[in-house]
Amino acid sequence: MKIIDGHVKKMYFFLLALLAAGLLSACGQGSDVLDVPEEVPDAVETTDIGDDRNEEHTVSGRDGEAESEAENGEEAESSAEADELREKFGVHCIPEQTFEVELSEYNGTVWFVPYAPSEEGDFHMQLLQEDKVLTEIEAYVPQMLAGEAFGSLDAVSFYDVNYDGNTDIVLIETYGNTRFAAVYYGFAPEKDDQGFFYLQEQLSEGLTEQVEDLSVSGIREYLSGGKKNGEFSGYQEAYETVGKMCDLESKGEAEYGLLYFDEDDVPELAAGITGYQVSLYSFRDGYIYNLMDHWPYGAMGNAGYEYCPRQNSLRNYNTDYAGAVCYTAYMTMNSSFSMETVAVVETYNFDDVNGNGIPDEDEMESLGKYGVSYIDGREATDEECAALNKGEYEWIEGTLSLKELLAELKR
């Protein structure tokens, strides 16, 4: 199974399902693997992507408390606005936390509409555009609060939490008398698919446990010292922020490594769980860029990801049919700080007589005795394939604990 570009996201969720079920075991690299009291709501922020993909923009929220906050209107005006929103979205919508925003996952403005529990269902949220429901966002209730009644939705914020260029959703909620955080990562649309949001349960639990001032501003203060992307003084400060986030995402299981992916003297940061998934981050001019976001490996024939130091070259070996078909993908970091595919070499280690790309029973005798490679559908010579290699490659992986990473960053 090829795992490049758009395939990565779908494999990520498949991997999460396997991990949750306890069905996946870690594999060594280099070998194929087969098959509370109320508070004023926080300001609302949204992130646009494009040329300034990590730039944050604040939009007007009601009773905002953060920078660029919205001023309070007259009570009569607020009441009239609430009535208007209830008429538009139904009497069970929560008007003080209903916002029209721009999200990177959709074109144009959308409405974020939360609904209080009613005879029609539990607390939930919708994203709507021109009266069409784009997606439903189910409520997250921590296991320890199962059975507790919904109290309030205290704060809503939209910004890029994990530095991947997509808008994420951060909520502060109360069930019973207990406040907690709920973080949903946003994912950009692929082809005809819609963008969507995926709950980050471990990150949400970790933030709830660790952040004393459980508010959106408190979360930002805990993770990044209150700094927005673009405000980091150097890669050391930036990677400390990423390390804290990854540590919460993985419940302390992530490992880290500093490496030199491209030619400059600023290292990249690898973070992940060995044998399962890895992320790669870069830093430039105050900004954190997410080059690889939880790219999975260790299953489905994916051996892992390698880089050639200071050559801006990534290599990934992937196999199908017990190694009968091998895919070797080469990627590079472009000027927009995204990984783009340079070439994919498809190697058939059997004589595919009928050209269906599958080792049929009558073709198995040729397995291992035959080999032909293709690039972009045409047969490629050994020299062409070898020219894609930039030198000696090393695994993109982490070996440091968070404590060790932080010590390394302070040197």
- Task: Would you mind checking which residues have amide H under 5 Å from GLU268's amide H? H placed 1.01 Å from N; only 5 or more apart, or other chain.
- Result: LEU259, TYR260, PHE261
- How big is the stretch 190-286 in terms of Cα radius of gyration and Dmax, in angstroms? 15.0, 42
- Per DSSP, the loop-located GluC sites (Glu not before Pro) within the stretch 316-411 having at most 14 other beta carbons within 10 Å are GLU392
- What is the extension gain from ASP264 to ALA149, computed as 0.36 nm multiplied by their sequence separation minus the C-alpha to C-alpha distance, in nm to one decimal? 36.0 nm
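Using 0.36 nm per residue of separation minus the Cα-Cα distance, give me the extension gain between LYS251 and ASP382 in nm, one decimal. List each step's numbers first, then the result.
Details: separation 131, 0.36 × 131 = 47.16 nm, distance 4.49 nm.
Extra length from LYS251 to ASP382 when fully extended: 42.7 nm.
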- Item | In Hz, Karplus ³J(HN,Hα) per residue of the stretch 94-102 (6.51, -1.76, 1.60; θ = phi - 60°; x = Gly, Pro) | 9, x, 5, 10, 9, 9, 9, 9, 9
- Query: For the stretch 178-238, which trypsin sites (Lys or Arg not before Pro) are both in a DSSP coil and crowded by at most 16 other Cβ atoms within 10 Å?
  - Reply: LYS191, LYS227
- Item | Whole-number D in µm²/s for the stretch 116-266 (Stokes-Einstein; Kirkwood sum over Cα pairs; 25 °C, 0.890 mPa s) | 143
- Tell me which residues come under 5 Å, amide H to amide H, from PHE99 once H is placed; ignore anything under 5 positions away on its chain. PHE112
- Using the Karplus curve 6.51 cos²θ - 1.76 cosθ + 1.60 with θ = phi - 60°, work out ³J(HN,Hα) for each residue of the stretch 288-305 in order, rounded to whole Hz, and write x for Gly and Pro. 9, 10, 8, 7, 10, 10, 6, 5, x, 7, x, 8, 6, x, 8, 7, x, 10
- Note on the structure: Diffing the stretch 242-251: the Karplus 3J(HN,Hα) column from phi (6.51, -1.76, 1.60, θ = phi - 60°), in whole Hz with x for Gly and Pro, holds 4, x, 4, 5, 5, 5, 5, 4, 9, 6
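Enumerate by residue number the GluC sites (Glu not before Pro) in the stretch 88-145 meeting two conditions: DSSP loop (anything except H, G, I, E, B), and at most 11 other Cβ atoms within 10 Å of the site's Cβ.
Numbers: sites: GLU96, GLU100, GLU102, GLU105, GLU119, GLU120, GLU130, GLU136, GLU138; in loops: GLU105, GLU119, GLU120, GLU130.
Answer in residue order: GLU119, GLU120, GLU130.
Every number in this text was worked out from the coordinates using simple rules, so none of it is lab data. Everything numeric here is computed off the predicted structure, so don't read it as measured data. Note that we place each Cβ from the backbone using ideal geometry, even for glycine, and neighbour counts take in every protein chain shown.
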